[in-house]
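The block underneath contains the structure these notes are about, expressed in structure tokens.
The values are calculated or read from the model by the stated rules, or taken from the named source; none is laboratory data. Treat the numbers as computed from the prediction; the structure is a model and nothing was measured. Every residue, glycine as well, gets a Cβ built from its backbone with ideal geometry; the counts of neighbours run over all protein chains shown. Remember, those area values only see protein heavy atoms, side chains included, never the ligands or the DNA or RNA. Shrake-Rupley method; radii C 1.70, N 1.55, O 1.52, S 1.80 Å.
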Amino acid sequence: MGYVLPLRLGALKKLFENSLVRHSILFIGAEILSKALPFLLLPVLTRFFSLADYGLVATFLAFQNIMAVLTGLSSHGAVNVAYFRMGKEYLPPYIASVMGVLSLSLGISILLATAIFPWLAPRLGLGWGWLATGVVMSAAQFVTQINLVLWQCERRPLPFVIYQLAQTFVGVGLTILLVVIFRWGWRGQLASLAFSSFLFAALSLVILWRRGYLQARPNARDMKDAVRFGAPLIPHSLSGWVLTGIDRFFLTSMVGASATGLYAAGFQIGMILGVAATAFNRAWMPYLFEKLAGDDAAAKIRIVRITYIYFGAILVGVGLLAVFAPVVAGIILGPRFTGATVYIFWFGLAFAFNGMYFMVVNQLLYVKKTHVLATITFCIGFLHIGLTYGLIKIRGPLGASQAVAISFALQFLLVWIASARACPLPWNLLKQYATELE
């Protein structure tokens, strides 16, 4: 018995010396904290907002997210791949070129928003000022994302964590000030989100400049490469928006803003699993790319083993969420929003499938098969539009959450099949283990 404790402590120490485990803990901790603070705002917002107010905020965020798809043309993802394929010394002109793509696409996005404003405004209940703010916010978030991506690639989770938490604290603090003290209502929350986005985009530009990443001129070759990487991802990104954004538009127009508010509150609780999955992926992606670049058979087995363990863990998480979240949500959301608990299981299941999708999609990105990914996700997005509309007609708002779960499950399975073909890994490990047990 005396030997057991030292052995366990030694194994635990070895586990925490592993860079993937250590970085995962930091990234997951930061992601949880950055999302926990807005989550802790829910008891405030649901008591200071009406159902319609909360629905209006959710609709604005859905609009802002779709503009983020067009602003920058998803080219920030090319920085991640370029870091490992080109080397750090070649990045400054490449990043400058990505910023050039951002500037051009931002102008096009503003023109597009202006053109559709007369049709869109009465359906969203938002004026031109808020729509323009949403477009510029998408560009600001793009700039911040480049800064965070570089820290992620450099395996520097500490500045990543500090920066992410600082932005969250600013946003939450301003929300409390403007909503609770000055009583600006839903406008106060949107103003706080906009201000924090602009402030930290400016800080990101300063940091990128001081680190030498912007001290170069853009060039046509790198701009074309970034667009060639990002443009095929636009259908993919649009599909991602459709899976988590089109439901707000349908619910607002078909049922009403109050139904959207209730639905969005349930989404916030179910997103707990999504937060953990996104955080783990921040640590997983550079680890995966590094191991794939090494072309080591043992490393590929390790990748598959970790992936299967992850699948099991996140499905257990769905069960725990289904059991405990409704009880906690009833306390957090308050009496006006208690109806949101019916959506929690379906959103938890959806985000579990989305987390499993993260574990297989990165292989497609590594081998630059973005056109394959775009084809799959575009088809899923197109299917989801019809599925969401039909299930809302049949089952009401609950049908929208069920449509999200079904679509995420299909997307995960199809991307896994495509990933296994494009970037072969020993996925038959489970079959080998079963044979050995027999």
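To keep it simple, each residue is scored yes or no on (1) closer than 27 Å to ASP53 by Cβ; (2) open to solvent by less than 10 Å² (accessible area, probe 1.4 Å); (3) in a helix (DSSP H, G or I).
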| position | (1), (2), (3) |
| --- | --- |
| TRP130 | yes, no, yes |
| VAL135 | yes, yes, yes |
| SER138 | yes, yes, yes |
| LEU148 | no, no, yes |
| PRO159 | no, no, yes |
| ILE162 | no, no, yes |
| VAL172 | yes, no, yes |
| LEU178 | yes, no, yes |
| TRP184 | yes, no, no |
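Residue pairs whose Cβ atoms lie under 6 Å apart, sitting 6 or more positions apart in sequence or on different chains, and linking a residue in segment 327-345 that is surrounded by 21 or more Cβ atoms within 10 Å (Cβ to Cβ) to a partner that is hydroxyl-bearing (Ser, Thr, Tyr), are ALA329/THR341; LEU333/THR46; PHE337/THR46; TYR343/SER401. The requirement of being closer than 19 Å to ALA329 by Cα, modelled with pLDDT under 80 and open to solvent by less than 30 Å² (accessible area, probe 1.4 Å) is satisfied by LEU42.
Taken over segment 45-80, the criterion of being closer than 30 Å to LEU292 by Cα and surrounded by fewer than 18 Cβ atoms within 10 Å (Cβ to Cβ) is satisfied by no residue. Scanning segment 155-176 for residues that are farther than 30 Å from ILE110 by Cα and without any contact (Cβ under 8 Å) to a residue 60 or more places away in the chain yields a count of 3. Of all residue pairs spaced 6 or more apart or on separate chains, those with beta-carbon atoms under 7 Å, a first member in segment 196-208 that is without any contact (Cβ under 8 Å) to a residue 60 or more places away in the chain and crowded, with 21+ Cβ neighbours inside 10 Å and a second member that is assigned to a helix (DSSP H, G or I) and of a type in the set (S, T, N, Q) are SER196/GLN167. Identify, please: which residue in segment 291-308 is closer than 22 Å to GLY77 by Cα and touching a Lys or Arg at 6+ places or on another chain (Cβ under 9 Å) and is, among those, modelled with the lowest pLDDT? Here the answer is ALA293.
For segment 82-95, a residue qualifies if it is in a helix (DSSP H, G or I) and open to solvent by 10 Å² or more (accessible area, probe 1.4 Å), and the qualifying residues are TYR83, PHE84, ARG85, MET86, LYS88, GLU89, TYR90, PRO92, PRO93. Considering segment 359-417, the residues that are of a type in the set (D, E, K, R) and closer than 22 Å to ILE234 by Cβ include one that is surrounded by the most Cβ atoms within 10 Å (Cβ to Cβ), namely LYS369.
For the condition part of a helix (DSSP H, G or I) and buried (at least 16 other Cβ atoms within 10 Å of the Cβ), what is the one hit in ILE301, ILE309, ILE269? It is ILE269. Considering segment 273-296, and only residues there that are in contact (Cβ under 8 Å) with a residue 40 or more places away in the chain and open to solvent by 60 Å² or more (accessible area, probe 1.4 Å), the residue that is farthest from ARG156 (Cα to Cα) turns out to be ALA293.
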